[in-house]
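Just below is one structure, and these are the notes that go with it.
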Amino acid sequence: MNSADLGRRVGVPSTALFTDQYELTMVQAALKAGTADRHSVFEAFTRRLPEGRRYGVVAGTGRVLDAVENFHFDDEMIGFLRQQHIVDGPTLQWLADYRFSGDIWGYPEGEVYFPGSPVLRVEGSFAECVLLETVILSILNHDSAIAAAASRMSAAAGGRRLIEMGARRTHELSAVASARAAYVGGFDATSDLAAGFRYGIPTVGTSAHAFTLLHDTERDAFRAQVDSLGRGTTLLVDTYDVAEAVRAAVEIAGPELGAVRIDSGDLLLVAHRVRQQLDELGATGTKIVVTSDLDEYAIASLAAAPVDAYGVGTQLVTGSGHPTCSMVYKLVARAGSAEPDAPLVPVAKKSLGAKSSKGGRKWAARRTDEDGAAEAEVIGTGPVPQELAGRELLVELVRGGAVVAREPLEAARERHVSARAGLPMSAMQLSRGEPVIGTEYV
C-alpha cells in the first residue's frame, strides 16, 4: 500500500537504490565490527532556513512513508551490487532480507518548522536507519522547498486561485512531486495529469498558443475550442492583439465565457484593460487568469489588479530561488551495545563552523503568546515542561516498521492553512527577514 491508495492505486517501485554508496559500505563495516545492531536515533532537521525566509513548510511526509515501506532489495539489485563489488557477501545477504522494522516520528505534513526543528526522527538499529538517509533527505529537501515557495505565493495571492503548471520546467518525476507539494502549500490545481492521477489533485488546462497558430484565424481557433469544450472554457487572448481577441472571444462564446488567459505584456495594465472591456461587452462573470514567469513578488504586485487566478511554473518548481531546504540527517543518540536494554547515549558532531548539532532524542513544542500566536519553537531532550504538555509537534508515523499515519493529501493542505494562521502576522511579509519565531533549547 502507498499514499496513492487513498485515491488511486499506483505502483511504487523499490526505493532501495535511491541512496548513496557510503550508506551500504557503512553497514558492511558496522556488521563486521558488531555495532550494526546498536539501537540508534537519527533526526532530520535544518540548521538554518533559506536566506530571507521566515518559516519552513514540512512536505513530502506521505512520500517518505511510501519510500520506507518500499525500501527493499530485489534479486536484480543484489546482483548489481555483487557485480559492482559494492559490498561483501555477508552484507549482500543482510540487504536481501532488509525491511525497516523501527519507529518514525515527525512533524505532520503541512506543519511549519524552524531552524533545529526535529522534522523527522527515525529509530531502530544503526544499520536499518542509516540506509534511509539519502532517500528521506531527497524527498524532504525537495518537497519542503516547493511547499515553502507555494505557501509564500498563496499568502501573496490573498485567496485568489493558484494553478501549478511547471511540469515542463523540471524532471518529469519531480514535476509530480512538485505538484503534490504545491497543493500542500496552498495551490488549488495542477496542469500535470500524472499528479492528478496519483494524488487526486484537481487538474485544469485548455489550450496554448500553438492551437491558435494552427488555425487560419484566431476566431477559427476560438470557435473550435468553444465548440469542443463549451462556453465555460478559458480562451488564450494574447497571441496577436489582446483587445481584438477579447472582442472575438465574447462574440463567439457569449457572456457565458468562462475565462480569458493573459500570458505576456504588462500584466497589471493589460488585466485592467481586459476587465474593463469584458464588462463593457457584458461578460461580467468572465474571469481573468494570468501566467508568464510569476513568483510571489509578481503575484503581490498584482494584488490591485482585477485578476481571478494565477498560473505559476518555473519559479514554483524551483523553490522560487531556493530549490532545497538544506535538511540533514544526523545520528543524535545510540546505545552503548546491541543489548536490548542498553541505555541511549547522546552523540553529536563537533565543528568549529556552522555544522555543529545537538545530541539526544528530542521533542518539540510551540509556545504561544496570550493571543494564541506562536512565539517560540521549544526543543528539548528531557521531560516536556508541564506548560507545554499537549503542544508537542511530533506525531507517530511508523511503529515497528508499519505505517500508522496515512492521511489524505487534503488533510496536510488544511493543516498548513491552520499552522500558517498560527504564526505572527510578520510571517506573511515577503521582504527578507529572520525566522518569524526563535528556537529555544531546554
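The values are calculated or read from the model by the stated rules, or taken from the named source; none is laboratory data. These numbers were taken from a predicted model, which means no experiment stands behind them. Cβ coordinates were reconstructed from backbone atoms using ideal geometry, including for glycine residues, and neighbour counts include every protein chain displayed. In case anyone asks, the SASA skips ligands and DNA or RNA and just uses the protein heavy atoms, side chains included. Shrake-Rupley method; radii C 1.70, N 1.55, O 1.52, S 1.80 Å.
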What is the sum of charges around ALA149, taking Lys and Arg as +1, Asp and Glu as -1, for the other residues whose C-beta is under 10 Å from the C-beta of ALA149?
0
Using a probe radius of 1.4 Å on heavy atoms only, what accessible surface per residue do you get for the chain? Whole Å² is fine.
45
Below 11 angstrom from the Cβ of TRP105, what's the summed charge of the other residues (Lys, Arg +1; Asp, Glu -1)?
-1
Under 5 Å between amide H atoms, partner at least 5 residues away or on a different chain: which partners does GLY438 have, H built in plane at 1.01 Å?
GLU377
What percent do you get for the relative contact order of region 354-421 when only Cα pairs under 8 Å and 6+ apart count?
24
So if I average 1/r over every pair of distinct C-alpha atoms in region 146-274 and take the inverse, what Kirkwood radius in Å does that give?
16.0
Go through region 211-216 residue by residue and turn each phi into a ³J(HN,Hα) via Karplus (6.51, -1.76, 1.60, θ = phi - 60°); whole Hz please, and just put x for glycine and proline.
5, 5, 5, 5, 8, 5
Using a 1.4 Å probe on the protein heavy atoms, what percent of the accessible area of the chain belongs to carbon and sulfur?
51
Would you please report the Å³ per residue occupied by the convex hull of the alpha carbon atoms in region 350-393?
95
Phi angles of region 384-398, converted by Karplus (6.51 cos²θ - 1.76 cosθ + 1.60, θ = phi - 60°) into ³J(HN,Hα) in whole Hz with x for Gly and Pro, give 6, x, 4, 5, 9, 4, x, 10, 4, 9, 6, 10, 6, 10, 9
In the chain, which whole DSSP H runs stretch at least 30 Å along their own axis (Cα) and average 0.0 or higher on the Kyte-Doolittle scale?
133-157
Excluding VAL41 itself, calculate the net charge of residues whose Cβ lies under 11 Å from the Cβ of VAL41, where each Lys or Arg counts +1 and each Asp or Glu counts -1.
+3
Can you give me the solvent accessible area of PHE187 with a 1.4 Å probe, rounded to the nearest 10 Å²?
0
If contacts are Cα pairs under 8 angstrom and at least 6 residues apart, what is the relative contact order of region 205-345 in percent?
16
Using Cα springs under 10 Å in a Gaussian network model of the chain, which residue among THR217, THR190, THR381 shows the largest mean-square fluctuation?
THR217
Relative contact order (%) - criterion: Cα under 8 Å, at least six apart; region: region 211-256
42
Which entries of LYS32/LYS350; LYS32/LYS362; LYS330/LYS350; LYS330/LYS355 have Cα-Cα distances beyond 19 Å here?
LYS32/LYS350; LYS32/LYS362
May I have the extent of the alpha carbons of region 328-428 along their three principal axes, as whole Å values ordered from largest to smallest?
47, 38, 30
Give the label of the value calculated from the structure for mean projected area of the Cα convex hull in nm², choosing from (1) 24.6; (2) 21.6; (3) 30.4.
(1)
For GLY258, distant residues with modelled amide H under 5 Å away
GLY232, THR233
What residues have an amide H closer than 5 Å to that of ARG161, excluding those fewer than 5 places away on the same chain, when H is modeled at 1.01 Å from N in the peptide plane?
TYR310
On alpha carbon coordinates alone, what is the Rg over Rh value for region 30-123, Rh being the Kirkwood radius?
1.08
I'd like the Karplus ³J(HN,Hα) series for region 297-307: coefficients 6.51, -1.76, 1.60, θ = phi - 60°, whole numbers in Hz, and an x wherever there's a Gly or Pro.
6, 5, 4, 5, 5, 9, 4, 8, 7, x, 9
I'd like the accessible area for HIS272: 1.4 Å probe, protein heavy atoms, all chains in place, Å² to the nearest 10.
90
